[in-house]
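Here's the structure, in structure tokens; my notes come after.
Nothing in this text is a laboratory measurement; each read-out follows from the coordinates by a stated rule. Note that the structure is a prediction, hence the values are computed from the model and not measured. Methodologically, a virtual Cβ is constructed for each residue, glycine included, from the backbone with ideal geometry; neighbour enumeration extends over all protein chains shown.
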Amino acid sequence: MRGQKPKLDNVVPMKADQTVPVPEAPDWMSAEGRDAWERLAPELAAKRRLDPTYHDPFAIYCEAVADVIRFTGDIAAFGSWYEVETRNGRQQKKRAVWGQRQDAIATMNQLAARFGMTPVDEARMDRPGTGRGGGQFDDRPRPAHRLGDHHGRRRHGLDLRRAEGIFRDRPAGRCRG
């Protein structure tokens with residue numbers, strides 16, 4: 001290369017090369033929740049989805065992960081059901097920990113969607129032209145949703161496809177379907 005060598009102090013790093021500091025887990029978290037935080041927070045911080053305002057919801061997600069792990073271990077050790085003798089004979093009933101694990105899984109799924117932690121939700125957040133990501137992480141204002149507009153088909157009680165003459169063979173009136 002001809003000329004003077006480039007100086008590294010004036011080189012602007014690419015966004016992918018910039019390191020994002022990983023925040024510390026909140027003090028109130030359990031040890032298992034902290035393990036989940038330490039495992040998952042660097043990835044979310046790198047995707048810029050772990051702003052300070054999202055620390056508490058992410059901590060709740062990590063606690064739900066810890067609960068699922070704990071409840072699954074309990075189910076593995078003691079089983080997911082027990083038997084009782086009733087007047088109708090022997091019956092199998094689910095243990096309470098089964099329902100607790102289902103609640104923790106539901107919490108995990110709900111919060112995972114908010115942070116784009118499933119492939120579908122990540123694709124929704126990373127759509128081109130939506131800023132840093134869609135949904136709660138988008139910095140740009142979104143246009144207001146028109147009331148009554150369901151994908152351009154019905155607005156204000158009017159079937160736009162019929163109004164445009166697409167269904168000419170059907171009589172105008174109430175839309176079935």
Förster-model FRET efficiency, 22 Å R0, residue 113 and residue 53, C-beta, rounded to 0.05: 0.80
How much length is gained on full extension from residue 106 to residue 9, taking 0.36 nm per residue of separation minus their Cα-Cα distance? 30.1 nm
The exposure ranking of 61, 54, 82, fewest beta-carbon neighbours within 10 Å first, is 82, 54, 61
For a Förster distance of 25 Å, can you work out the FRET efficiency between the beta-carbons of residue 20 and residue 124, rounded to the nearest 0.05? 0.70
To the nearest µm²/s, what D does Stokes-Einstein give for region 71-118 at 10 °C and 1.306 mPa s, using the Kirkwood radius over alpha carbon pairs as Rh? 126 µm²/s
Within 11 Å, Cβ to Cβ, of residue 69, how many net charges do the neighbouring residues add up to if Lys/Arg are +1 and Asp/Glu are -1? -3
Counted charge near residue 24, where neighbours are those whose Cβ lies closer than 11 Å (Asp, Glu -1; Lys, Arg +1): -1
Residue 35 label point, 7 Å along Cα→Cβ, cut-off 20 Å on backbone N: hits in region 44-86? 44, 58-79
